[in-house]
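Student: Can you keep this structure in mind? I'll have questions shortly.
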Amino acid sequence: MNNNLGKFLPIGTVVLLKGAKKRLMITGFCSFDEAKKDKAYDYTGCLYPEGIISSKQMALFNHSQIEKVYHLGLRDEEEKQFKQKLVVELNKYVQKQQANKPQ
């Protein structure tokens with residue numbers, strides 16, 4: 001996870017990842033792969049236009065993997081306040097991870 005407040009795209013944004021042929025719609029933030037509990041991703045997404053068919057078909061990806069933005073999701077005051085809280089929590093998570101790393 002290598003994001004900040006300015007880079008998080010809003011829920012509902014439709015993107016194409018580098019090397020991909022199918023678009024994804026952003027459905028969430030800061031997700032963990034069940035197989036790699038120590039690895040966090042910037043976004044959770046589902047296939048577009050199909051939507052969420054099964055929780056096992058969710059995509060986890062980082063901002064740096066996005067090649068193109070096709071549609072930007074809703075940005076309003078509520079979304080802005082949420083992102084501010086999200087960044088505070090992310091900073092706490094990163095600090096905790098760094099403190100727990102062996103020296």
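The values are calculated or read from the model by the stated rules, or taken from the named source; none is laboratory data. Fair warning: this is a prediction, and the values are worked out from it, not measured in the lab. Every residue, glycine as well, gets a Cβ built from its backbone with ideal geometry; the counts of neighbours run over all protein chains shown. Accessible surface is based on the protein model in full, side chains and every heavy atom, while ligands, DNA and RNA are left aside. Shrake-Rupley method; radii C 1.70, N 1.55, O 1.52, S 1.80 Å.
Student: Averaged per residue, what accessible area in Å² does the chain show with a 1.4 Å probe, protein chains only?
Tutor: Each residue of the chain exposes 69 Å² on average to a 1.4 Å probe.
Student: When a/c is below 1.5 the answer is rounded, else prolate if a/b is larger than b/c, else oblate, so apply that to region 47-102 with a ≥ b ≥ c taken from the square roots of the Cα gyration tensor eigenvalues.
Tutor: Verdict is oblate for region 47-102.
Student: Between beta-carbons, use under 14 Å as the cut-off and find the net charge around residue 33, counting Lys and Arg +1, Asp and Glu -1.
Tutor: The answer is +1.
Student: Given axes a ≥ b ≥ c from the Cα gyration tensor, I'd like to know whether the chain is rounded (a/c under 1.5), prolate (a/b larger than b/c) or oblate.
Tutor: Oblate.
Student: Exceeding 22 Å between C-alpha atoms, which entries from my cross-link table qualify? They are 39/92; 18/92; 21/68; 18/101.
Tutor: Pairs exceeding 22 Å: 18/92; 18/101.
Student: Net charge within 14 Å of residue 68 by Cβ-Cβ distance, Lys/Arg positive one each and Asp/Glu negative one each, not counting residue 68 itself?
Tutor: +3
Student: Using just the helices of the chain, give the 222 nm mean residue ellipticity in deg cm²/dmol: DSSP H runs with n ≥ 4 each add -39,500 (n - 2.57), and the total is spread over all residues, rounded to 500.
Tutor: Only helices count here, giving -8000 deg cm²/dmol.
Student: Dipole of the chain (Lys/Arg Cβ +1, Asp/Glu Cβ -1, origin at the Cα centre): which of 95, 27, 74 lies farthest to the positive side?
Tutor: Checked the options; the winner is 95.
Student: For residue 7, list long-range residues whose amide hydrogen, built 1.01 Å from N in the peptide plane, is under 5 Å from its own amide hydrogen.
Tutor: none
Student: Let me ask something additional. Can you tell me the orientation of helix 77-100 relative to the chain, as the angle in degrees between its alpha-carbon axis and the longest Cα principal axis, to the nearest 10?
Tutor: 40
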